[in-house]
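Shown next, in structure tokens, is the structure this report addresses.
Only the coordinates and a few stated rules stand behind these numbers; no lab work does. Source: prediction; values computed, not measured. Counting neighbours? That spans all protein chains shown, and the Cβs are built from the backbone with ideal geometry, glycine included.
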Amino acid sequence: MKTLILNSDSKPLSVVDIKRAVILENKNSNITALSYYDKKILSTRGEVKIPAVMIYSKYIKITYRKFPSKRAIRIRDKNKCAYCDILLSPDELTIDHVIPVSRFEDKSRANTWENQVCCCKKCNLKKGNKTPQEAGMSLLFKPKKIDVLFLMDNVPAEWQKYI
């Protein structure tokens, strides 16, 4: 069970575990619970409600990560090779640049959501420093950016009206 944290402008800010949410509710005067789960937990002080959604009263300025992480790409692609669709274990998984890094003048421009996919070692070796078309391969899906905050499989019903 997780708790959704909203910024003061009601935009999603983060997701925390329930232990952290209970601590925030009790120790941070700048955060308020908007809704609770039906379940409660027992503590030394008795039963404690579990916050489902919380909101900060002060605006929190956040800096976004410029590039997607390997974990984010892996979750987006569901651990499957973008070329042969096999399910990959962590030691088999590589990240492939659809358009090779060598084709970019500014190397950092290659590290985008749209240019990175999960790939098995065999397909990555076959593709090498080529585009999929040059290597005679094709992507099984078009890679796209996703909201990293919601890399969760099941978004709780209690969050629906806030996201």
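Exposed loop sites here are chymotrypsin sites (Phe, Trp or Tyr not before Pro) assigned a DSSP state other than H, G, I, E or B and surrounded by at most 16 other beta carbons within 10 Å; excluding them, the longest clear run of the chain is 1-58. Measuring gaps between exposed loop sites in the chain (trypsin sites (Lys or Arg not before Pro); DSSP loop; at most 15 other Cβ atoms within 10 Å), the longest gap, sites not included, is 79-129. Short-range pairs are left out: with C-alpha atoms under 8 Å and at least six residues apart, the relative contact order of the stretch 2-62 is 41 percent.
Would you mind checking LYS11/LYS161; LYS66/LYS130; LYS70/LYS144; LYS70/LYS145; LYS40/LYS61 for any pair whose Cα atoms are more than 22 angstrom apart? Among LYS11/LYS161; LYS66/LYS130; LYS70/LYS144; LYS70/LYS145; LYS40/LYS61, the Cα-Cα distance tops 22 Å for LYS66/LYS130; LYS40/LYS61. For the stretch 2-62, pairs of C-alpha atoms spaced more than 16 angstrom apart make up 39 percent of the total. Note on the stretch 70-148: Rg/Rh from C-alpha atoms, Kirkwood Rh, equals 0.93. Cross-link partners of LYS126 among aspartates and glutamates, defined as those whose alpha carbon lies under 20 angstrom from its own and excluding same-chain residues fewer than eight positions apart: ASP77, ASP85, ASP91, GLU92, ASP96, GLU134.
Measuring nothing but alpha carbons in the chain and taking Rh as the Kirkwood radius, the Rg to Rh ratio lands at 1.12.
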